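Participant: Structure in structure tokens, see below.
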Amino acid sequence: MNGLPALFLKNTRLLLAPAFFIAAVLHFAVSLGAQENSPPRYVGSAACEPCHQEEYASFIQYAKKSKSFQSIERLQHGLSREDLKKCYTCHTTGYGRPGGFTSVEETPELKNAGCEVCHGPGEIHIESGDIDAVKREVTREDCEACHISERVKAFRYKPLIHGGGH
């Protein structure tokens with residue numbers, strides 16, 4: 001009788017091993033599918049620099065949006081937390097979107113309005129090099145998400161709607 005429980009356990013393990021294997025494969029497939037169906041994430045402008053050196057250098061040197069978080073830092077003492085969050089939409093990259101800016105501590109690479117504000121999340125483009133994974137032709141409507149006439153008048157800036165960011 002002492003051998004019966006050991007035999008039972010051995011047979012049970014043999015029967016359960018394929019079930020655990022199938023469960024592991026299914027779990028991997030489901031998690032992989034979830035990643036493929038999730039929206040692409042923001043990677044930050046520095047990730048664009050290795051392949052787009054000239055555009056990146058021009059953007060960093062000339063585009064005010066490359067330093068846009070400085071405006072928030074200058075004004076934050078007079079603003080409530082909720083007012084600050086309203087600024088994040090235009091002064092950071094991807095705020096309020098999956099994989100976008102959440103805070104300086106958590107996503108410092110997205111704290112300024114970078115390349116992906118105009119061209120969209122760069123994760124797939126960076127990983128694959130697929131040029132169709134980002135928006136190549138930026139329209140006036142894209143710019144007007146932030147550069148609306150009321151803001152232009154209120155903050156007295158002249159956006160480069162037609163001149164481009166780089």
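Participant: Work out Dmax and Rg for the stretch 97-156 from the C-alpha atoms and quote the Rg first, both in angstrom.
Facilitator: 13.9, 41
Participant: If you plug each phi of the stretch 107-112 into the Karplus form 6.51 cos²θ - 1.76 cosθ + 1.60 with θ = phi - 60°, what whole-Hz ³J(HN,Hα) values come out, in order, with x for Gly and Pro?
Facilitator: Working through the residues one at a time gives 9, x, 5, 10, 6, 9 Hz.
Participant: How many times 2.2 N^0.38 Å is the alpha carbon radius of gyration of the stretch 70-112?
Facilitator: That works out to 1.06 for the stretch 70-112.
Participant: How many Lys pairs in the stretch 45-155 lie less than 14 angstrom apart by Cα atoms, where the lysines are 8 or more positions apart or on different chains?
Facilitator: Number of lysine pairs found: 5.
Participant: When the Kirkwood radius is taken over all Cα pairs of the stretch 45-155, what Stokes-Einstein diffusion coefficient follows at 25 °C and 0.890 mPa s, in µm²/s?
Facilitator: My calculation gives 165 µm²/s for D.
Readers should treat all values here as calculations from the given coordinates under stated rules, not as data from a laboratory. None of the values given here were measured: they were computed from a predicted structure.
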